[in-house]
Structures are given as structure tokens and as C-alpha cells.
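K.L.:
Structure incoming, see below.
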Amino acid sequence: TVCCQCTHCTELCPRNLLGHSINPHKLMRSLSALVQDPRARMEALLCCECGICEKFACPMGISPREVNMLIKKELMKEGVRWPATGEEPVNNPMRDVRYVPTKRLMQRLDVLKYDTHPGMPEERFVPERVAIPLAQHIGAPAQCLVKEGDRVAKGDLIGEIPEGALGARIHASIDGVVTSVEGGVVRISRG
């Protein structure tokens, strides 16, 4: 199939909309005409390979993404890199009105049937026992404030931040009795 030069691939290209000088339609035109366009060839390096051009934009069903991938591989083998100019790209002024509608893209990809809410289970899981590590964070492990046999309520402080250290307080997640404190882990059983 030959590119009809509708420019949809370029108009919806996220990299183009972010201000990068990638124009997939020009690359496709140079391929159709069998004319080497060195600038369009270099632009392949800017492709993020998202697939919007082939999965959504192109009415002809061709794949600028695959062409860009192949050219990008060739250029990388040759050691060619995109020249760094130090300039930040300027967003395309049409960026805010050229978003790809998610539902339409999902429909084209035939994944709309999977867009359902799984629902929440009817019953809640209520553990009979828990093991709560005193080191759940960056910093020093919490200092244990409970001992075996202590009765605790959900939310009670069981581990305190060591003085002068970075850490986090640790709280009981269930009501129960502390069954053991060893290896930096507090074990609590309901009861």
C-alpha cells in the first residue's frame, strides 16, 4: 500500500506534538517516490515507536513506525546520532487539540472488551495473625515498644523512631496479643 500523504501520522505523532522535528509522512513520501531524503531519514531517530501512526492515524494501514524502526537500526549501526543543539523543543500549538481518544484507540486495537471494572470481592479478608517488620522504610529500623504477651489494639504504636535517626513509626494493624518479637519482626495474633 502506498502512502496517500494525508499527514495524519505526523499530526498525531506525540513526538511531533512535543515539538520534535519528526514528520513520518515525509519519510513515507520519500520511500514511495524512491527518493532519498536525508533529513527525513535522520528524523527516524526521534521516533518513540509508540505506534499511534500505524494503529490509529494511518487510513492506508501502513506502518511508519516499522519504517522508522528499521531506519533507526541502520543509523545506529552506522554510529549516527541526532545532533544535539541544546535547544528545548517547543510544543506544537495544536498539541492540546490533537489527543488520541483512548476509547477509539482501544476499539481499533480490539481491547475494548477488556475495559471492565473487576468489582470488589464481597467478603473482606480479616487475618488471624500478622508479622510486622520494624524496618519498612529508609532509615533506621524502629525500636520495638512491645514484648511477647502484650495486648495491642489496631493502631497502637509498637515501634518508635530511634532518637536522632531517620525512620518511621510502626503501628499494630490488628487487635490482638504479641506472640513474638524476634529478628526485627513483631508477630501479633487475634485473641
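Read-outs: derived from the displayed coordinates by stated rules, not from any lab. It should be emphasised that the depicted structure is a prediction, and the values quoted were computed from it without experimental measurement. Glycine gets a Cβ as well: all are built from the backbone with ideal geometry, and neighbour counts include every protein chain shown.
K.L.:
Every cysteine in the chain with no other Cys Cβ under 4.7 Å from its Cβ, please list them in numeric order.
P.N.:
Among the cysteines of the chain, those whose Cβ sits 4.7 Å or more from every other are 3, 4, 6, 13, 47, 48, 50, 58, 144.
K.L.:
For the chain, find the longest principal axis of its Cα atoms and tell me its angle to the long axis of helix 64-77, 0 to 90°, nearest 10.
P.N.:
Taking Cα atoms only, the helix is inclined about 90 degrees.
K.L.:
Taking the alpha-carbon distance from residue 154 and a cut-off under 17 Å, which aspartates and glutamates remain once sequence neighbours fewer than 8 residues away in the same chain are dropped?
P.N.:
Cross-link targets: 128, 175.
K.L.:
If I stretch the segment between residue 110 and residue 173 completely, what's the gain in nm (0.36 nm per residue apart, minus their alpha carbon distance), one decimal?
P.N.:
So the extension gain works out to 18.4 nm.
K.L.:
Tell me what the chain gives for mean residue ellipticity at 222 nm when only DSSP H runs of n ≥ 4 count, each as -39,500 (n - 2.57), the sum divided by the residue total, rounded to 500 deg cm²/dmol.
P.N.:
Calculated mean residue ellipticity at 222 nm is -6000 deg cm²/dmol.
K.L.:
Let me ask something additional. Please list, or write none, the lysines whose alpha carbon is within less than 23 Å of the alpha carbon of residue 73, excluding same-chain residues fewer than 8 places away.
P.N.:
Reachable lysines: 26, 55.
K.L.:
Pull up all non-local amide H partners of residue 62: gap of 5 or more, or a different chain, and H-to-H distance under 5 Å with H placed in the peptide plane.
P.N.:
Long-range HN contacts for residue 62: none found.
K.L.:
Please report the net charge: other residues with Cβ closer than 14 Å to the Cβ of residue 80, K and R +1, D and E -1.
P.N.:
My count for the surroundings of residue 80 gives +3.
K.L.:
About the Cα centre of the stretch 129-189, how large is the charge dipole given +1 on each Lys and Arg Cβ and -1 on each Asp and Glu Cβ? Please answer in debye to the nearest 20.
P.N.:
Magnitude of the dipole: close to 180 debye.
K.L.:
On to the next question. Suppose every Lys and Arg Cβ carries +1 and every Asp and Glu Cβ carries -1, with no other charges. What dipole size does the chain come out with about its Cα centre, to the nearest 20 debye?
P.N.:
So the dipole magnitude of the chain works out to roughly 720 debye.
K.L.:
Cross-link candidates for residue 77: which aspartates and glutamates have Cα within less than 14 Å, leaving aside residues fewer than 8 places away along the same chain?
P.N.:
Once the sequence-local aspartates and glutamates are set aside, nothing remains near residue 77.
K.L.:
Pick out which of 37, 115, 156 has the largest mean-square fluctuation in a Gaussian network model of the chain, springs linking Cα atoms closer than 10 Å.
P.N.:
Result for the chain, Cα springs under 10 Å: 156 fluctuates most.
K.L.:
How much length, in nm to one decimal, is gained on full extension between residue 80 and residue 189, taken as 0.36 nm per residue of separation minus their Cα-Cα distance?
P.N.:
Gain on stretching residue 80 to residue 189: 32.9 nm.
K.L.:
Pick from 87, 49, 11: which is most flexible by mean-square fluctuation in a GNM of the chain where alpha carbon atoms under 10 Å apart are linked?
P.N.:
Of 87, 49, 11, the most mobile in the Gaussian network model is 87.
K.L.:
Sticking with this one: Arrange 72, 77 by Cβ neighbour counts within 10 Å, fewest through most, would you?
P.N.:
In order of increasing Cβ crowding within 10 Å: 77, 72.
K.L.:
Moving on. Could you tally the net charge around residue 49, taking each other residue with its Cβ under 12 Å from the Cβ of residue 49, Lys/Arg +1 and Asp/Glu -1?
P.N.:
+3
K.L.:
With a 10 Å cut-off between alpha carbons and a GNM built on the chain, which of 162, 83, 24 moves the most?
P.N.:
Residue with maximal mean-square fluctuation among 162, 83, 24: 162.
K.L.:
Give me the net charge for the shell around residue 112: Cβ to Cβ below 13 angstrom, other residues only, Lys and Arg +1, Asp and Glu -1.
P.N.:
Spelling it out: positives minus negatives among the neighbours equals +2.
K.L.:
Quick one: compute the contact order of the stretch 129-189, relative version, from alpha carbon pairs under 8 angstrom and 6+ residues apart, as a percent.
P.N.:
Relative contact order for the stretch 129-189 comes out at 40 percent.
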